[in-house]
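The values are calculated or read from the model by the stated rules, or taken from the named source; none is laboratory data. Because the structure is predicted, anything quoted here is derived from the model rather than measured. Heads up, the Cβs are rebuilt from the backbone with ideal geometry, glycines too, and the neighbour counts pull from every protein chain shown.
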Amino acid sequence: MAQGESGESPRAPGARALLAREWPFLVVCAGVCVGLGVVVGLDRFRRGTLLVAASVILGAWLRALLPAPRCGLLKVRGRAFDVATMLILGVSLVVVALAVPPPS
C-alpha cells in the first residue's frame, strides 16, 4: 500500500468533500430524478417533464453563475457551450411538455 509523505496511507475523499465539491450536479440530478419519478410513479407527464426541464435550466443557471472550480460535474466544455446546451435542452423539454396533448 502506498504511503503519503507524512507516513499515513492515502484515503479516498469523504462524503462531505464530495457533497461540497459536487453539490450543483447533485441538485440537478435530484431534480431530474424527482421529475422522472413524477412521470413514472404518478403518471403525470406534463408535471414531471416540467420538473425535469426546470432542473436542467437550474443547471444552466448554476453553470453560468458559479466559478469554474465550483461547478463540479456541470463543467464539461466551455461555460458558453455548457450553458447554451442546457438551456436548449431545458427549453425544448418545456415545449414538449406543453405541446403534447393530454390523454383522452
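A few notes on this one:
- Of all residues in the stretch 1-46, those satisfying the criterion of being among the hydrophobic types (A, V, I, L, M, F, W, C), modelled with pLDDT under 85 and farther than 25 Å from D82 by Cα are M1, A2, A12, A15.
- Test result for D43, touching a helix residue (DSSP H, G or I) at 6+ places or on another chain (Cβ under 8 Å) and free of Cβ contacts under 8 Å to residues at least 24 places away in the same chain: no
- For the stretch 46-104, the tally of residues that are charged (D, E, K, R) and under 11 Å from the mean Cα position of the chain (by Cα) stands at 2.
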